[in-house]
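Contents: one structure, followed by commentary.
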């Protein structure tokens with residue numbers, strides 16, 4: 001009975017952060033969010049809404065004109081369309097996207113709190129400290145500027161981070177149980193597969209989780225079942241790739257992205273005319289996507305062959321541009337076709353996000369130091385998120401939004417460890433160990 005009460009109380013710390021965080025996001029969306037507009041180029045937010053609208057008309061997993069497409073994420077507009085369909089078409093695609101983002105934010109706050117609590121358990125902290133860590137993680141995510149601004153942004157990052165954190169929460173529970181039931185591994189595998197369905201560049205995430213499961217459980221059968229089930233949500237991606245004829249690469253954006261970033265000295269995105277079919281945008285023109293991909297592949301291989309050392313030397317630059325994720329939501333809102341322009345309020349949001357990110361990094365350093373002292377570092381979680389979400393960056397280009405999963409799923413839980421460590425004199429004034437032997 002005592003254990004049951006302890007488990008119940010462990011789930012409750014995220015309650016008030018989630019309530020406050022949800023109210024902040026609803027207020028932000030109602031006060032500032034506006035539908036994306038079509039600019040000189042058709043950016044991702046505008047295309048996502050068009051894809052969702054085509055889905056409602058029966059053209060599921062389709063592109064800008066309802067044609068087969070595998071360039072942008074087909075998972076994010078799919079969920080927008082499902083929500084709109086559930087409303088009996090009473091909501092617009094944009095309204096459905098805003099509601100979807102708020103729902104994703106709620107589950108993201110809860111998931112980050114539970115993951116932070118799980119990480120605190122690895123240190124060996126007792127129940128009181130674990131609850132404080134869960135509370136700290138919930139509050140950080142509730143008020144984190146980028147997480148709030150992203151709620152009004154029609155992009156896949158917020159929903160993808162939600163599925164990623166829950167895939168780790170469920171997987172960590174599965175590997176820690178001596179006996180597991182079918183819903184443990186089935187739920188963990190499906191959530192990991194849905195993450196890739198929304199964010200195809202994270203294909204390595206379920207593979208790395210499966211490898212961690214095998215190392216910890218030593219069960220080939222369990223590992224294979226996890227892999228097979230995690231592949232199921234990805235089937236539409238693979239089918240669309242065949243329909244488009246894009247060839248090698250999980251999406252048809254693979255080669256254009258490599259081509260665009262191959263020769264950029266700053267490691268950023270630069271749309272190059274030689275990487276596109278002449279006078280058309282293969283992303284949005286019916287039956288031109290395969291043509292685009294083949295041109296980009298040929299040019300990318302040419303560039304890498306003739307500038308291989310330069311391409312390799314820019315890999316750390318691309319990685320840094322993605323790891324420094326402060327202000328990513330504001331930058332994406334301004335640069336990717338949202339109806340938001342630089343102003344005093346937007347600049348304030350950007351600088352607040354950058355400041356919050358710097359403070360977060362300091363707290364992360366404290367949390368990591370605590371883990372090093374306890375000698376229970378969750379290496380498999382860190383490598384899964386780091387490699388699984390950023391492996392594609394080093395060969396293409398870097399953007400701040402690419403580092404958001406690492407910030408949400410790893411940095412914030414580690415920062416919550418740092419917050420609890422700093423505020424407890426028993427842990428740092430007397431230079432006490434982070435392990436359970438010195439923490440009550």
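Since every read-out is calculated from the coordinates, none of them should be taken as a lab result. What you are looking at is a predicted structure, and each value in this text was computed from that prediction instead of being measured. Note: ideal-geometry Cβ built from the backbone for every residue, glycine included; neighbour counts use all protein chains shown.
Tabulated data for the structure shown
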read-out	value
Peptide ranges 306-314, 130-138 listed from the most packed, as the mean C-beta count within 10 angstrom indicates	130-138, 306-314
Degrees separating the helix 220-231 axis from the principal Cα axis of the chain, which is the longest one	50
Rounded tilt (10° steps) of 93-123 against the dominant C-alpha axis of the chain	40
Anisotropy class of region 25-113 from Cα gyration tensor, a/c 1.5 cut	prolate
Tilt relative to the chain, helix 157-176 - C-alpha long axis, 0 to 90 degrees, to 10	40
Cα gyration tensor shape for region 122-266, rounded if a/c is under 1.5, else prolate or oblate	oblate
Region 12-428: radius of gyration over Cα atoms, expressed as a fraction of 2.2 N^0.38 Å	0.97
Segments 30-37, 105-112 sorted - mean Cβ within 10 Å per residue, highest first	105-112, 30-37
Protection proxy ranking, peptides 264-272, 166-174, average beta carbon neighbours within 10 Å, highest first	166-174, 264-272
Region 12-428: relative contact order as a whole-number percent, Cα under 8 Å and 6+ apart	21
Helix-only CD estimate at 222 nm, as mean residue ellipticity for the chain, using -39500 (n - 2.57) per DSSP H run (n ≥ 4)	-21000 deg cm²/dmol
Cα shape, region 161-237, gyration tensor, a/c 1.5 rule	prolate
Label-point separation in nm, residue 59 to residue 37, each point 7 Å along Cα→Cβ	2.5
Alpha-carbon centroid distance for the pair region 380-429 / region 85-100, whole angstrom	32
